[in-house]
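Q: Pasting a structure below so you can have a look.
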Amino acid sequence: MSSLFSLSSPATTGYRALLRNREFAGLYAGFTLTVAATTLSGFALGTLVNQQTRSPFLTAVSMYGATFATVLGALTLMSVADADRPRRTLLALQSVSLVGMAAQGLPGLPLAARFALLLVLGFFQSLGTGTRMGLLAEVVSAAAYAPARSLMNITSGGTAILGYALGAVLLRQLGPQGLFLLASALTALGLAVAAATVREHSVRLGARPGLRRTRTANAELFAHPGRRALLVNLWVPNGLIVGCEALFISYDPGSAGTLLAAGAAGMLLGDLTVGRLFDAARRRRWAFALRLLLAVPYLLFVCHPPVAVAAVAVFLASAGFAATLPLQEQLLELTPGPVRGQVQGVESAGRMTWQGLGAALAGGLAQVLDPGTTITVVAAVSVAVTLLARPFTNRATATAATTAGGPEAQMLL
């Protein structure tokens with residue numbers, strides 16, 4: 001119980017205080033290494049597929065294809081995140097990721113086998129995310145949850161910047177197989193860090209994990225209109241914009257690393273500002289504007305702007321990803337403790353699945369239109385979804401505080 005309340009004071013919810021929590025520091029370090037490994041392997045695979053096929057669709061899917069399988073984890077075994085020993089589960093899933101990442105480094109591996117590996121890794125990745133986020137909600141207090149997610153998002157952006165920048169350089173020296181091996185080493189290091197720092201926690205659910213438990217909790221999750229509205233806004237606009245990013249290699253192969261790094265830098269700035277400098281009330285007031293910012297700058301791509309202008313547009317747009325923080329806070333308020341791991345896993349899996357769908361939709365459309373026009377069209381759809389969903393999200397925001405912890409929240413138990 002002490003770990004749950006150790007950071008509850010407003011004075012102790014800063015980043016330094018979070019990092020003094022040994023378990024959070026371990027989760028944070030493991031997450032950072034996982035992001036670095038995923039960034040390098042995704043860049044290597046996207047480059048490899050583009051070189052072999054010259055297909056915008058296959059290139060986009062190769063970079064985000066693992067996200068398709070995350071929905072399978074969310075629909076089948078996500079209850080493992082709450083109903084099994086979380087440390088043991090996390091280490092086992094990290095071990096599976098290590099094996100899959102190392103297999104991608106095998107020279108001469110057929111593309112079909114590489115895509116199959118993506119699906120397998122995506123499935124287990126969704127379970128790992130649910131387990132990690134369930135642990136996060138236990139090792140920090142409710143007051144520290146948003147800063148903790150913000151710090152992880154900021155680090156994710158910074159790591160992606162370095163990953164794409166260094167990946168472009170290392171690709172010339174090591175080739176795609178070398179990047180896969182480096183990603184495997186980072187994954188192994190993340191496994192070691194988690195094993196050394198994360199302690200075992202009690203099982204949150206008494207029920208046996210499995211398909212039935214997962215299906216029951218998911219049905220109750222989606223039955224609530226407020227939670228549905230929050231999930232739609234967490235998933236669809238973000239996924240469509242990731243579809244725009246998936247076309248950077250096809251749009252301009254020579255500048256793709258620059259555009260991807262600009263996007264990661266914008267995401268870092270947005271999460272730092274919204275997560276660290278805004279309080280909860282201000283985060284909610286800015287959520288709608290941030291969701292619009294996420295897509296509007298991409299409308300410039302219809303003019304095929306110079307690389308510098310495009311990079312600035314991507315940088316500004318990516319700051320809008322910080323809209324996920326207030327939406328995640330509201331979802332957490334509407335979720336009782338015993339199923340927080342599963343619900344957060346479903347949220348993450350759905351967001352990642354929509355990233356894969358966005359990449360596939362954008363890549364397929366780019367087979368007909370040129371990449372610049374496709375980016376503009378997909379961004380316009382994201383704007384439309386944000387505008388149409390606003391009334392439903394406003395209602396969810398208005399009811400989140402009153403339903404949190406009350407009878408409404410008990411529906412998922």
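Q: With the structure loaded, tell me whether residue 54 is at positive phi and modelled with pLDDT of 75 or more or whether it fails that test.
A: On the way: at positive phi: yes; modelled with pLDDT of 75 or more: yes.
The answer is yes for residue 54.
Q: Return only the number of the condition from (1) within 23 Å of residue 369 (Cβ to Cβ); (2) in contact with a Ser or Thr (Cβ under 6 Å, 6 or more places away or on another chain) that residue 314 does not satisfy.
A: The failed condition is (2).
Q: Kindly indicate whether any position in the stretch 65-84 is at pLDDT 75 or above and charged (D, E, K, R).
A: Taking the stretch 65-84 and keeping what is at pLDDT 75 or above, we get none.
No, every residue in the stretch 65-84 fails to be at pLDDT 75 or above and charged (D, E, K, R).
Q: Scan 288, 392 and give me the residue that is in contact with a Lys or Arg (Cβ under 7 Å, 6 or more places away or on another chain) and closer than 14 Å to residue 232 by Cα. Steps first, answer last, please.
A: Working: 392 fails: in contact with a Lys or Arg (Cβ under 7 Å, 6 or more places away or on another chain).
Of 288, 392, the one residue that is in contact with a Lys or Arg (Cβ under 7 Å, 6 or more places away or on another chain) and closer than 14 Å to residue 232 by Cα is 288.
Q: Quick check on my filter: what residues within the stretch 25-66 are closer than 17 Å to residue 365 by Cα and either hydrophobic (A, V, I, L, M, F, W, C) or in contact with a strand residue (DSSP E or B) (Cβ under 9 Å, 6 or more places away or on another chain) (or both)?
A: 57, 58, 60, 61, 63
Q: Hey, any hits in the stretch 112-133 for a residue that's in a helix (DSSP H, G or I), modelled with pLDDT of 75 or more, surrounded by fewer than 19 Cβ atoms within 10 Å (Cβ to Cβ) and of a type outside the set (A, V, I, L, M)?
A: So far as the stretch 112-133 goes, yes, one or more of its residues are in a helix (DSSP H, G or I), modelled with pLDDT of 75 or more, surrounded by fewer than 19 Cβ atoms within 10 Å (Cβ to Cβ) and of a type outside the set (A, V, I, L, M).
Q: Looking only at the stretch 205-235, which residues are at pLDDT 85 or above and not hydrophobic (A, V, I, L, M, F, W, C)?
A: Of everything in the stretch 205-235, just one residue is at pLDDT 85 or above and not hydrophobic (A, V, I, L, M, F, W, C), namely 233.
Q: Considering each of 364, 345, 358, 350 in turn, give the residue that is part of a helix (DSSP H, G or I), modelled with pLDDT of 85 or more, under 17 Å from the mean Cα position of the chain (by Cα) and not aromatic (Phe, Trp, Tyr). If you could, list the steps in order and put the result at the bottom.
A: Working: 364 fails: under 17 Å from the mean Cα position of the chain (by Cα); 345 fails: modelled with pLDDT of 85 or more; 350 fails: modelled with pLDDT of 85 or more.
The match here is 358.
Q: Among the numbered criteria (1) at pLDDT 90 or above; (2) closer than 21 Å to residue 382 by Cα, which one does residue 238 miss?
A: Of the numbered conditions (1) at pLDDT 90 or above; (2) closer than 21 Å to residue 382 by Cα, the odd one out for residue 238 is (1).
Q: Which condition from (1) outside any helix (DSSP H, G or I); (2) touching a residue at least 12 places away in the same chain (Cβ under 8 Å); (3) of a type in the set (A, V, I, L, M) is the one that residue 109 breaks?
A: Condition (2) is where residue 109 drops out.
Q: Can you work out which of the residues in the stretch 355-370 that are surrounded by fewer than 24 Cβ atoms within 10 Å (Cβ to Cβ) and in contact (Cβ under 8 Å) with a residue 40 or more places away in the chain is nearest to residue 233 (Cα to Cα)?
A: Restricting attention to the stretch 355-370, the residues satisfying the condition of being surrounded by fewer than 24 Cβ atoms within 10 Å (Cβ to Cβ) are 357, 360-361, 364-365, 367-370.
With the extra rule that they be in contact (Cβ under 8 Å) with a residue 40 or more places away in the chain, the set shrinks to 357, 360-361, 364, 367.
Details: 357: 15, 360: 19, 361: 18, 364: 23, 367: 28 Å.
That would be 357.
Q: Please count how many residues of the stretch 239-289 are among the hydrophobic types (A, V, I, L, M, F, W, C) and under 20 Å from residue 159 (Cβ atoms). Break it down into steps so the answer makes sense when it comes.
A: Taking the stretch 239-289 and keeping what is among the hydrophobic types (A, V, I, L, M, F, W, C), we get 240-242, 244, 246-249, 256, 259-262, 264-265, 267-269, 272, 274, 277-278, 280-281, 286-289.
Among the residues that remain, those that are also under 20 Å from residue 159 (Cβ atoms) are: 241-242, 246, 248-249, 256, 259-262, 264-265, 267-269, 272, 274.
Of the residues in that region, 17 qualify.
Q: For the stretch 17-43, name all the residues that are in a loop (DSSP other than H, G, I, E, B) and touching a residue at least 12 places away in the same chain (Cβ under 8 Å). So that I can check it myself, show each step before the final result.
A: Quick first cut of the stretch 17-43, residues in a loop (DSSP other than H, G, I, E, B) only: 20-21.
21 - this is the single residue of the stretch 17-43 that is in a loop (DSSP other than H, G, I, E, B) and touching a residue at least 12 places away in the same chain (Cβ under 8 Å).
Q: Still on this model: Go through the stretch 258-274 and give me each residue that's surrounded by fewer than 22 Cβ atoms within 10 Å (Cβ to Cβ) and either touching a Pro at 6+ places or on another chain (Cβ under 7 Å) or within 15 Å of residue 306 (Cα to Cα) (or both).
A: Of everything in the stretch 258-274, just one residue is surrounded by fewer than 22 Cβ atoms within 10 Å (Cβ to Cβ) and either touching a Pro at 6+ places or on another chain (Cβ under 7 Å) or within 15 Å of residue 306 (Cα to Cα) (or both), namely 258.
Q: At pLDDT 85 or above, surrounded by 24 or more Cβ atoms within 10 Å (Cβ to Cβ) and under 20 Å from the mean Cα position of the chain (by Cα), is that true of residue 191? Full working, then the answer.
A: Details: at pLDDT 85 or above: yes; surrounded by 24 or more Cβ atoms within 10 Å (Cβ to Cβ): no; under 20 Å from the mean Cα position of the chain (by Cα): yes.
Spelling it out, it is not the case that residue 191 is at pLDDT 85 or above, surrounded by 24 or more Cβ atoms within 10 Å (Cβ to Cβ) and under 20 Å from the mean Cα position of the chain (by Cα).
The values are calculated or read from the model by the stated rules, or taken from the named source; none is laboratory data. Bear in mind the structure is a predicted one, so any value in this text is a computation, not a measurement. Methodologically, a virtual Cβ is constructed for each residue, glycine included, from the backbone with ideal geometry; neighbour enumeration extends over all protein chains shown.
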